[in-house]
Amino acid sequence: MPQAYFLMASAKFLSGDRTGARADAQSALERQPNFMEAVSLLARSHAALGDHSLAVEAGKRALTLGAGS
């Protein structure tokens, strides 16, 4: 259930566990690849961890998915 992984990722991100947030966002996306909110959280997690090129890539993907909804 991708929503459960997304909710866990959100809670981890807000509590400061950026690595855990990234892992759970990725788990959500394995189950539902076009889950825009999870892609957006993945982008923020990458940015918070200093992975800027991955953050930009995920951010662009989130914008593309958001434009399609």
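The values are calculated or read from the model by the stated rules, or taken from the named source; none is laboratory data. Every value quoted in this text rests on a predicted model; they were computed, and no experiment measured them. A quick note on method: Cβ atoms are made from the backbone with ideal geometry, for glycine too, and the neighbour counts reach across all protein chains shown. Ligands, DNA and RNA are excluded from the accessible area calculation, which covers all protein heavy atoms including side chains. Shrake-Rupley method; radii C 1.70, N 1.55, O 1.52, S 1.80 Å.
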Handout entry: Condition check for residue 65: surrounded by 14 or more Cβ atoms within 10 Å (Cβ to Cβ), modelled with pLDDT under 95 and not in a loop (DSSP other than H, G, I, E, B)
Key = yes
Exercise for the section: Report whether or not residue 12 is among the charged types (D, E, K, R) and surrounded by 16 or more Cβ atoms within 10 Å (Cβ to Cβ). Expected result: yes
Problem - Those residues of region 16-32 which are more than 13 Å from residue 5 (Cβ to Cβ) and outside any helix (DSSP H, G or I), in sequence order - result: 16, 17
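Go through region 37-60 and give me each residue that's open to solvent by 60 Å² or more (accessible area, probe 1.4 Å) and either over 20 Å from residue 19 (Cβ atoms) or outside any helix (DSSP H, G or I) (or both). Even if it seems obvious, please write down each step before you answer.
Within region 37-60, the subset open to solvent by 60 Å² or more (accessible area, probe 1.4 Å) is 37, 44, 49, 52-54, 56-57, 60.
Answer for region 37-60, where residues must be open to solvent by 60 Å² or more (accessible area, probe 1.4 Å) and either over 20 Å from residue 19 (Cβ atoms) or outside any helix (DSSP H, G or I) (or both): 49, 60.
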